[in-house]
1. Determine the sum of side-chain charges near ALA254: Lys and Arg each +1, Asp and Glu each -1, restricted to other residues whose C-beta is under 12 angstrom from that of ALA254.
2. Checking the cross-link filter: which aspartates and glutamates have an alpha carbon closer than 18 Å to that of LYS206, excluding same-chain neighbours under 8 positions apart?
3. Grab the Cα-Cα distance for GLN107 and ASN122, subtract it from 0.36 nm times how many residues apart they are, and report the gain in nm with one decimal.
4. Can you give me the C-alpha center-to-center distance between the stretch 130-149 and the stretch 154-178, rounded to a whole angstrom?
5. Suppose the chain between HIS203 and ALA263 were pulled fully straight at 0.36 nm per residue; how much longer would it get relative to their current alpha carbon spacing?
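The numbers here are math on the coordinates, done by the rules we state, and not lab data. Just so we're clear, the structure is a prediction, and the values are computed from it rather than from any experiment. Cβ: placed from backbone, ideal geometry, glycine included. Neighbour counts: every protein chain shown.
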Amino acid sequence: MTVVAALAIAMLVPNALRLERALPSVAAAIWLASLFLRALFVTLAAVSLLDLLPGTSPFNAIAAICWNTTIPFFSSHLGVSGARLVQAAMVLPLVMLAAWALTRAGQITRSHRSVRRTLSSNSLGAGPAGSVIVGGTDVIVAAAGLMRPEIVLSTGALTILDDEELDAGIAHERGHIARSHRWWLALAEVCGSVTRLVPGTKHAMKQFRFHLERDADQWAVARTRNPLALASAICKTGSASLGGAALALNGTAAEDRVDQLLAPAAEMRMNAFAQKLATTFAMVLVVGATAIASAVPSAAASGVKHLEAHSSVTHCPL
């Protein structure tokens, strides 16, 4: 019940808090914790099958089947017993979740490696502020790479953006790097792959990406003191791909970000009480998710023992 309540809070409360006016880092933490709690809920639901189903009548009926008398070929050639069949069926959901998570993690790793290879082969040289210049008419200002991220500028960006816009765009991407957004986004993507069937996962991912972009915007404006230049750069940039990875300064919900950059600061700021409430909620979610995550290994071990205790191999006649 505690886990179900945590999932309900993670799904319903973030929308009610109107986090578009909260500190971007707080809002992103809430949505990331929400995705993580969803992944934990799905994992614990799969683990609970190991405790709930063993010992039930359907489970015992299947486990007691002597396949060597029912389907001789099955037993003599494959060595399958009823007990082994139900054991495999019980752990299949966990295996599927692990496969989804590992597949998504592998895709992220391959994508970033592809970006590095493409940069190495297509680089036209060093650009401003330590960036790497690539060819193309698209206006691209992006941070690329996982282990050693670099700022990527297209020749189109150098042509279309003025100096202030270029500085603001580079500062935005520096913000992504300095705030380690790539790692948090990778974690969110893995959690999203596990919870793909849970309602609201796509919305949570969209909101998390949006607040990461807001965080990078805030980081850039704090250093350039020029929100208008960043807003203009966002409007001028397009989206493109490099080695299979999407690159774009305008990122997620570009129009909403531009509106926030151009609005008076007082209009986009939560009042002090609401900000403290959002921060406290973020801390509670993070601590709660960590506590639940720490219980997953012991719950899985207990479930496996319970499964083995109720699925001993039936002694069937030869």
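1. Working: positive: ARG209, ARG214, LYS236, ARG257; negative: GLU213, ASP217, GLU255, ASP256, ASP259.
Net charge in that neighbourhood comes out at -1.
2. GLU20, GLU189, ASP215, ASP217, GLU255, ASP256, ASP259
3. Values: separation 15, 0.36 × 15 = 5.40 nm, distance 2.19 nm.
So the extension gain works out to 3.2 nm.
4. 10 Å
5. 19.1 nm
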